[in-house]
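These notes concern the structure reproduced below.
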Amino acid sequence: MGSKDTKTKIFGRSFLIRYTLLFVLTSFVVFLWYFLTGRTFIWHADGLTQHYNALIFYGEYLREVLRTVFVEHSLNIPSFSFSIGEGGDILTTLHYYCIGDPLCALSVFFNEGNMYILYCAIVLVRLYSSGLTFSFLCKETGVSGDKGILTGALSYVFCYFAVYNSARHIFFLIPMVLLPLVLAGTERVLRRKSPYVLMASVFLSAISNFYFFYMIVIMTVVYTAVRLVILNGKDLRSYLVPVRDMFFYSLTGLLSAGAVFIPVAFSFLSDGRKSGVNRLRLLYPLDYYLDLPRMLLTPDNLYWMCICFVPPVTFALLYLFSRKGNSKTLKVFAVISLVFMFFPLFGQIFNGMSYMSNRWCFALALLSSYILSVCFGKMTEEKLFFKREALIFSGVLVLLLIVTGNIASPGVIAALLITLIFCLVMAFLPEKKREPRILGNIILGTTVVSLAVSSFYLNSAGGQNYAAEARRPSEIEEYYNDDGLAAQSLLGGESYRYSGAELQWNSALRRGVSSPNYYWTLSNPYCVEFNDSLDLRIYDMFKYDNFDDRTIMTDLSSVLYYIVPEDYGMVPYGYAKEESSVFPGHDIYRNETPLGLCFTSDSVIRRSYWEGLSPVEKEEALLYGVVIPDGSDTSLREITPDLRSFEPEVEFDFDPSTIELDPEGSVKAL
């Protein structure tokens, strides 16, 4: 346990200066390949189509809100946009990416041309902040020793989960900042201290990202349960007051975020993805378990299990269990984490009972780095541990890598060399140099070197070349010279949509136009149900585009322009090619009989009748009337349209000698 003076010193000027310098140095070496190749942190897939796209829209949206309030003196704040697919709720669609996160509010000061600067800055600020909140958690739980906390902070800040998502899903860094705060606030409440940290951290978690707030709630419940058992033992009556306080203080923070949290939670619970079937499995495939030794050393993952511990963390975990006097609480948390790792049920629970995904593993990085900070001082005094347990473990690890066939990987070899060198130096350093200060510097230095080597292997062209998936500023500008910009010019403010083939996902969002093209994490369950009822070729419920080029659906969707690659040819019936240079390399087709965004029908079709039709008949029925629920009242004419199907006569020639019929009557080519 740390003394009062030590706790105060952790956030003193000296600590902050050292942490900042170490952060800058480690950031430089970890992200060196991005700097050398002139790349941003914007991923070429979801980064461009969703995260960066949403941030640009959010900046424009905030400027519009400010103009409405301060120029027009009106509180008529937009909540719906036709540029989100065929139309969607702004808050519930974009909360997952940016709305609610305080840092993203700075997008109001940036435009499309320089938004990448803010995007990259958000990554670095979140990483830096996660180190501060980690240090704050150490302070609240009595961890002593600046160097140990600094080493643990670096291990946490630049863990594989963080480095991987810095150039992939940058909002995945949000829980790395908030989880330590929530746990620190929990610790304060359990010790009958001020509840404000807990209330503030719950508020920030709930308003920033519902998906990770859900995970943080589960982790906090587990943390609280373990701490209460450790603190109070079998005295069940002593549990009542802290549980009551935790509940009401957390509820206060949650309700403070209610304006954002409640509609987003409702949207998550009714999301189209939840309608899918996700089979529960007792175990992961065998490859997952066989690859765990490799994933312990190198930046790679299966089912989002991002481990890749630096050697001091690995040996800190080993040291924790090799000494009887070490923290019982940390041992319990470590065992619980192992159970979560080994059984896919927990991956599904943390992912909202959807598919198996271990995106909760940022908590594993927090726990392991915290254990390093706790054991840091004792490890600098240990010699026998590194000569005995550490060397034996290293040998077993090498044997496992050989047996699983992973020993030959360059990343594994590099990580093993660092691990073995660290172990040997800590074991056989001359006695005259075995000072806690020198050994502490070795642990800290090994952490930075290991982070640099694993990141270089992950990002460099000689390794996994992960950095190549991020885009340069010039590539971003070229990417956004897209169909959305062309449609903006073609439509000129008209109340129609555009569609096409091989379009950029969500390109309509930034241009103020509308399109059936949709690719966002949360989707309208009614849209998913409708698409499914028509048997559209949609493989992801949250990702759909052009109604399979079907004429009826394209017309009913009010599409005026159809944009396809040059000489593509396949367009819905009733579209005439136009001579246009608005989008080089593409052909533009115009609907000859377009329907506007608003049109009426004088007839209705009952839902029960419509459900009994085939997908083809359902589509045709929509030409005759609007489908309404069975129990609803209406003064309009109810119809049951005659949709008799027919089989067209098709004439063709073939050479009988080239085919044969099998016993079941199927044709087989010879």
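You will find that of 645, 635, the residue that is under 47 Å from the mean Cα position of the chain (by Cα) and at pLDDT below 90 is 645 and no other. Inclusion of residue 597 among residues that are open to solvent by less than 80 Å² (accessible area, probe 1.4 Å), within 37 Å of the chain's Cα centre (by Cα), modelled with pLDDT under 90 and under 28 Å from residue 517 (Cβ atoms) is warranted. Within region 459-472, the residues that satisfy the criterion of being surrounded by fewer than 16 Cβ atoms within 10 Å (Cβ to Cβ) and not basic (Lys, Arg) are 461, 462, 465, 468.
Within region 441-458, the residues that satisfy the criterion of being open to solvent by less than 30 Å² (accessible area, probe 1.4 Å) and among the hydroxyl-bearing types (Ser, Thr, Tyr) are 446, 447, 450, 454, 455.
The number of residues in region 445-480 that are among the hydroxyl-bearing types (Ser, Thr, Tyr) and not in a helix (DSSP H, G or I) comes to 2. Considering only region 562-573, I want to know if a residue exists there that is out of contact with any Leu (no Cβ under 9 Å at 6 or more places or on another chain), among the acidic types (Asp, Glu) and loosely packed, with under 15 Cβ neighbours inside 10 Å. Scanning region 562-573 turns up at least one residue that is out of contact with any Leu (no Cβ under 9 Å at 6 or more places or on another chain), among the acidic types (Asp, Glu) and loosely packed, with under 15 Cβ neighbours inside 10 Å.
Hey, among the residues in region 115-153 that are under 23 Å from residue 445 (Cα atoms) and of a type in the set (Phe, Trp, Tyr), which one's surrounded by the fewest Cβ atoms within 10 Å (Cβ to Cβ)? Only one residue tops the list, namely 128. Just the residues that are touching a residue at least 40 places away in the same chain (Cβ under 8 Å), open to solvent by less than 40 Å² (accessible area, probe 1.4 Å) and in contact with a strand residue (DSSP E or B) (Cβ under 7 Å, 6 or more places away or on another chain), please, taken from region 82-93. Hits for region 82-93 are 83, 85, 87, 88.
When residue 294 is tested against (1) more than 30 Å from residue 102 (Cα to Cα); (2) of a type outside the set (S, T, N, Q); (3) open to solvent by 50 Å² or more (accessible area, probe 1.4 Å), just one condition goes unmet, and that condition is (3). For region 35-79, the set of residues classified as surrounded by 11 or more Cβ atoms within 10 Å (Cβ to Cβ), part of a helix (DSSP H, G or I) and free of Cβ contacts under 8 Å to residues at least 40 places away in the same chain consists of 35, 36, 61, 64, 65, 67, 68, 69, listed by residue number. The listed residues are 438, 418, and the only one of them that is in a helix (DSSP H, G or I) and loosely packed, with under 15 Cβ neighbours inside 10 Å turns out to be 438. Pairs meeting the criteria (first residue in region 320-344 and surrounded by 13 or more Cβ atoms within 10 Å (Cβ to Cβ), second residue among the polar types (S, T, N, Q) and modelled with pLDDT under 95, beta carbons under 6 Å, at least 6 apart or on different chains) are 320/326.
Would you check which residues across region 300-313 are over 22 Å from residue 219 (Cβ atoms) and either at pLDDT below 95 or assigned to a helix (DSSP H, G or I) (or both) and list them? Within region 300-313, 300, 311, 312 qualify.
Considering region 481-556, the qualifying helices (runs of 4 or more DSSP H), each wholly inside and each with 1 or more residues that are crowded, with 23+ Cβ neighbours inside 10 Å, run over 483-491, 551-556. For region 379-415, a residue qualifies if it is open to solvent by 20 Å² or more (accessible area, probe 1.4 Å) and either among the small types (Gly, Ala, Ser) or in contact with a Gly (Cβ under 9 Å, 6 or more places away or on another chain) (or both), and the qualifying residues are 395, 405, 408, 409, 410, 414.
Conditions (1) over 30 Å from the mean Cα position of the chain (by Cα); (2) over 18 Å from residue 135 (Cβ atoms), marked per residue:
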residue	(1), (2)
316	no, no
322	yes, yes
327	yes, yes
340	no, yes
344	no, yes
364	no, yes
378	yes, yes
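One residue stands out among those in region 351-370 that are open to solvent by 10 Å² or more (accessible area, probe 1.4 Å) and aromatic (Phe, Trp, Tyr): the one that is modelled with the highest pLDDT, which is 370.
The values are calculated or read from the model by the stated rules, or taken from the named source; none is laboratory data. These numbers come from a predicted model, not from an experiment. Backbone-built Cβ (ideal geometry, glycine too); neighbour counts: all protein chains shown. Surface areas here come from the heavy atoms of the whole protein model, side chains and all, with no ligands, DNA or RNA. Shrake-Rupley method; radii C 1.70, N 1.55, O 1.52, S 1.80 Å.
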